[in-house]
Amino acid sequence: MEITLIRHGRSAQIENHRMNSKEYKKWVEAYDHLGIVEGESCSKDAIEKGATSSILLTSDLRRAIESARTLNPSAKIQSDPLFRELELPVPDINFPGVRLRPNTWAVLLRLLWICGYSQGIESSFCWNYFSVVFLSSFSSPS
């Protein structure tokens with residue numbers, strides 16, 4: 001058995017202007033709701049991997065499901081929210097004068113998440129703990 005991880009195609013959410021944190025939160029909602037760019041093609045390597053797969057596991061987000069269909073329209077596609085990337089802790093308040101591009105917000109919020117800021121989403125502490133427990137299940141007993 002071979003497991004291959006392939007990132008979804010480019011999102012149809014293409015806005016890239018500077019925005020405040022409340023606008024960024026709406027941007028993320030649109031990003032999660034929209035599919036991939038119409039006519040999006042995959043790399044040759046991804047198409048080869050997808051063509052030989054009988055099942056494709058994806059997150060439940062539209063862009064992931066559409067990407068899987070693009071890779072192999074005849075494969076069984078099984079989607080689950082478990083396969084989503086970790087959420088970012090977008091603050092509910094607005095910071096006056098702070099307007100950043102979406103990629104900058106993503107980096108800043110991921111760094112804050114790593115430092116312990118979770119804003120009601122899964123914390124980095126929980127993620128690190130479960131990662132250690134999961135990985136330790138593969139170690140051989142001494």
Label-point separation, LYS44 to MET1 (7 Å along Cα→Cβ), nm: 3.1
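Assuming R0 = 35 Å, can you tell me the calculated FRET efficiency for the pair ILE55 and ARG10, based on Cβ-Cβ distance, to the nearest 0.05? Let's see the in-between values first.
Numbers: r = 24 Å, r/R0 = 0.69.
With a Förster radius of 35 Å, E is 0.90.
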Heavy-atom accessible area per residue - the chain, 1.4 Å, Å²: 72
The chain, relative contact order in percent, only Cα pairs under 8 angstrom and at least six apart counted: 25
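Accessible area of the chain with a 1.4 Å probe: how many percent of it is carbon plus sulfur? Provide the component values of the computation, followed by the final result.
Numbers: 5970 of 10230 Å².
Answer for the chain: carbon and sulfur cover 58 percent of the accessible area.
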Which label in [x] 39, 35, 33; [y] 53, 51, 21; [z] 51, 46, 27 gives the computed Cα extents along the principal axes in Å: [y]
Contour minus Cα-Cα distance for VAL37 and VAL98 (0.36 nm per residue): 19.0 nm
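The values are calculated or read from the model by the stated rules, or taken from the named source; none is laboratory data. The model shown is predicted, which means the values in this text are computed figures rather than measured ones. Cβ coordinates were reconstructed from backbone atoms using ideal geometry, including for glycine residues, and neighbour counts include every protein chain displayed. Only protein heavy atoms, including side chains, enter the accessible area calculation; ligands, DNA and RNA are left aside. Shrake-Rupley method; radii C 1.70, N 1.55, O 1.52, S 1.80 Å.
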